Structure formats: structure tokens, C-alpha cells
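Contents: one structure, followed by commentary.
The values are calculated or read from the model by the stated rules, or taken from the named source; none is laboratory data. Please read these numbers as outputs of a predicted model, since none were measured by experiment. Virtual Cβ from ideal backbone geometry, glycine too; neighbours counted across all protein chains shown.
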Amino acid sequence: DGAPMDQAFIGDPLADGFTVNTKTDKEKGLWVTESVVPLALFNGETPKGSVWRMNFFRTVTSPQMFPDQQLCGWRNTGEANFHVTPVFGKINFV
């Protein structure tokens, strides 16, 4: 089901075109992150009108907290692994 997964190693996110803006509202229990990821990383040309399946996963770690890392994902995988494709969400390009 689906295409093989690929991976990219980003050495300098800002130089590679990534931007991130995060806002939190503790009273409402909200955490909103808007991210710009260069389309070239997905080997995509013109996705307008297409639907892609993917997930976004965040690992918060430091030498002091390893191996007790904090993990969170857009679509919860139920395990410390974001390669659980059946739970991927859908991204609609408009």
C-alpha cells in the first residue's frame, strides 16, 4: 500500500527553505505550528489537486532526558515509531 518511504537529512534547515511558526495557548490547551517544507524534498512537481498521505512527528530529547524522550505526532501512531503508514493523515494540495 503506497510508495516506498524515502528520507532526507537536512543539515541547515533555514538555508534549505524551512520555516516554522509556533503558537501556544495553555488555557485553551492549543498548540499550533505552521511549517513550510520545500516541495523538492518530496520529489514532487506540481501536486495541485492531489492528495498525499503523511505524518509529522516530533522528538524532544537532550542528553539529560535520554532515553526518556518526549514524542508527539500529528497522527498518533501508538508507538515510538512514525513509520506506521496506516495511521498517516491526508494532505490535500489546493
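So which residues in the stretch 33-78 are modelled with pLDDT of 85 or more and among the aliphatic types (A, V, I, L, M), if there are any at all? If the condition is that a residue be modelled with pLDDT of 85 or more and among the aliphatic types (A, V, I, L, M), then V51, M54 are the ones that fit.
Scanning the stretch 1-32 for residues being modelled with pLDDT of 75 or more, on the phi < 0 side of the Ramachandran plot and surrounded by 10 or more Cβ atoms within 10 Å (Cβ to Cβ) gives a total of 7.
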